[in-house]
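Q: Quick one: this structure, given as structure tokens, is what I'll be asking you about.
The values are calculated or read from the model by the stated rules, or taken from the named source; none is laboratory data. The shown structure was predicted, so the numbers you read here are calculated from the model rather than taken from an experiment. Reconstructed Cβ throughout: ideal geometry from the backbone, glycine too, with neighbour counts over all protein chains shown.
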Amino acid sequence: MAMITTTKSESSAPAGKQDRQDREERMEKDGDGRRGGFHRKKVCRFCSDNEFVLDYKDARMMQSFVTEHGKIVPRRISGNCAMHQRKLTTAVKRARNLALVGYVSMGA
Amino acid sequence: MSAITGKLPGYETTIITRSELSDDGLKALQDRIAGVITAYKGETVLTEDWGRKKLAYSIGKESRGHYNYIVYTGAGDIVHEIERNLRLSEHVLRFLTVNLEKEFDGEAFKKRRAEIQAAAKKREEEREARREERMAERRGYEPRERSAPAAPAASEEAGE
């Protein structure tokens, strides 16, 4: 409290800046602040791992990119790159046709 | 293009047949497809039997199906002819053909397929190992959880 009063007495503009910095620091400590929160960079699993191959015949692989209701997980969540997401959608649709992945549920 | 190098285009077909179809019946179907492939001057590169699997949803009141996977090369409308034959058979629930390459290299494909399967198997084993580890961890926690509430209770009693 004492520190805030001293900064206020100096000038108003830097005080506001200081306040904001304080708040951001606090938010980072709490870990629940949306603003300035920690974001882990997502990487495309198909790009990073050469052994992880996109294949419509591999139902096990597909299950990690399909929700339990059978929806394809969006790129913003799975972290796939645009090219692999495009290929993944065709792969999932082929697998659905072969009853390896369900249309409305994740499947067996 | 293919005429210059002498290589034919490659295709892969996955067939789902009724699970109650006998092995002889399946053999007859496979022979019929093999006959079509030779008639169209093609070559069977790879055949796989994935066995009977549970379908993700029922097809024609069937909840299980027998999966078969064939990779082949061939000229002209070989796919059309194979699919016509599959449609004639009443035991075939569903099929899917995917066009692989214009100039298909069978040996390279076989090698790649083996690699992919090995990698998938390795992942599966790792997953299994992780699960077992988790199970072991959970088993390890249980006795401690039971003993943990006992200790504070004892101290409370002592306090009173």
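Q: Would you confirm, using the coordinates I've provided, whether B:Glu107 is out of contact with any Leu (no Cβ under 7 Å at 6 or more places or on another chain), within 16 Å of B:Ile15 (Cα to Cα) and not in a strand (DSSP E or B)?
A: no
Q: What number of residues within the range A:45-75 are within 12 Å of chain B (Cβ to nearest Cβ), assigned to a loop (DSSP other than H, G, I, E, B) and either β-branched (Val, Ile, Thr) or surrounded by 13 or more Cβ atoms within 10 Å (Cβ to Cβ) (or both)?
A: Looking only at that region, the number is 8.
Q: To continue, here is another question. Is it fair to say B:Lys7 is among the basic types (Lys, Arg), within 24 Å of A:Thr90 (Cβ to Cβ) and not in a helix (DSSP H, G or I)?
A: no
Q: Same structure again: Scanning the range B:23-33 for residues that are closer than 16 Å to B:Arg87 by Cα and either surrounded by 15 or more Cβ atoms within 10 Å (Cβ to Cβ) or not hydrophobic (A, V, I, L, M, F, W, C) (or both), which turns out farthest from the other protein chains (Cβ to nearest Cβ)?
A: Once the filter is applied, the top-ranked residue is B:Asp31.
Q: Do we find that B:Ala129 is more than 14 Å from every other protein chain (Cβ to nearest Cβ) and at pLDDT 90 or above in this structure?
A: So B:Ala129 fits the description; yes.
Q: Take the residues of the range B:44-88 that are away from chain A (no Cβ under 14 Å) and among the basic types (Lys, Arg): which is farthest from B:Ile33 (Cα to Cα)?
A: Going through the qualifying residues, I end up with B:Arg87.
Q: If A:Leu88 satisfies all but one of (1) within 7 Å of chain B (Cβ to nearest Cβ); (2) closer than 22 Å to B:Tyr67 by Cβ, what's the number of the condition it fails?
A: (1)
Q: Looking at B:Arg131, B:Arg127, B:Arg94, which one is of a type in the set (D, E, K, R) and closer than 30 Å to B:Asp77 by Cβ?
A: Criteria check complete, one pass: B:Arg94.
Q: When B:His91 is evaluated against the numbered criteria (1) within 14 Å of chain A (Cβ to nearest Cβ); (2) in contact with a Leu (Cβ under 6 Å, 6 or more places away or on another chain), which criterion, by number, is the only one it fails?
A: (1)
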